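In what follows, a structure is listed as structure tokens, so that the remarks can point back to it.
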Amino acid sequence: MSVLDPKLTYRNLKNKGFTDADNKSKDHKWLHFFYNDKFVLSTKISHGVGDIGEPLIRAMSFQCHLTKSEFIDLAKCPLSEEAYLEILEKKGFLK
């Protein structure tokens, strides 16, 4: 079973081009991803303590248009921003 550290995941997503969204809530941080100034997707991370568990990893991977293992690599850093863009391009999300 995979788990992710929410603070590290947040920081790594920000380092790969995700930006903080204007819509804020007291229990989640929303992140948007833009490509060439065009909105591509959004995802959210809980403010709560504790790791991001399997159900949330699946939800975030779906929101980011990745498989679960690809999202884990994106969150933990083996998957670079450039490789992420290539995946999104191949899947048709960067048109």
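Laboratory data are not the source of any read-out in this text; all were calculated from the coordinates shown. Owing to the predicted nature of the structure, the values given are computational and were not obtained by experimental measurement. Every residue, glycine among them, receives a Cβ derived from its backbone with ideal geometry; neighbour counts consider all protein chains shown.
A few remarks follow.
- With the simple spin-label model, which puts each label point 7 Å out from Cα in the Cβ direction, the Lys7 to Ser69 separation comes to 3.1 nm.
- Pairs from the table (Lys26/Lys90; Lys44/Lys76; Lys26/Lys91) lying more than 27 angstrom apart at Cα are Lys26/Lys90; Lys26/Lys91.
- Across the chain, the mean sequence separation of Cα contacts (distance under 8 Å, 6 or more residues apart), normalised by length, yields a relative contact order of 28 percent.
- Entry for P(r) over Cα pairs in 5 Å bins from 0, in percent (calculated from the structure that is shown) out of (i) 3, 13, 27, 29, 17, 9, 2, 0; (ii) 3, 11, 13, 13, 12, 10, 9, 7, 6, 6, 5, 4, 1, 1; (iii) 3, 13, 17, 17, 15, 12, 9, 7, 4, 2, 1, 0: (i)
- Along the stretch 89-95 the Karplus relation, 6.51 cos²θ - 1.76 cosθ + 1.60 evaluated at θ = phi - 60°, assigns HN-Hα couplings of 5, 4, 8, x, 8, 10, 7 Hz to successive residues, with x for each Gly and Pro.
- Assuming charge only on the beta carbon of Lys and Arg (+1) and of Asp and Glu (-1), the dipole of the stretch 6-90 about its Cα centre is about 300 debye to the nearest 20.
- Spin-label model, Ala59/His32: points 7 Å from Cα along the beta carbon direction are separated by 2.1 nm.
- Residue-averaged 222 nm ellipticity for the chain, from DSSP H runs of 4+ at -39500 (n - 2.57), nearest 500: -12000 deg cm²/dmol
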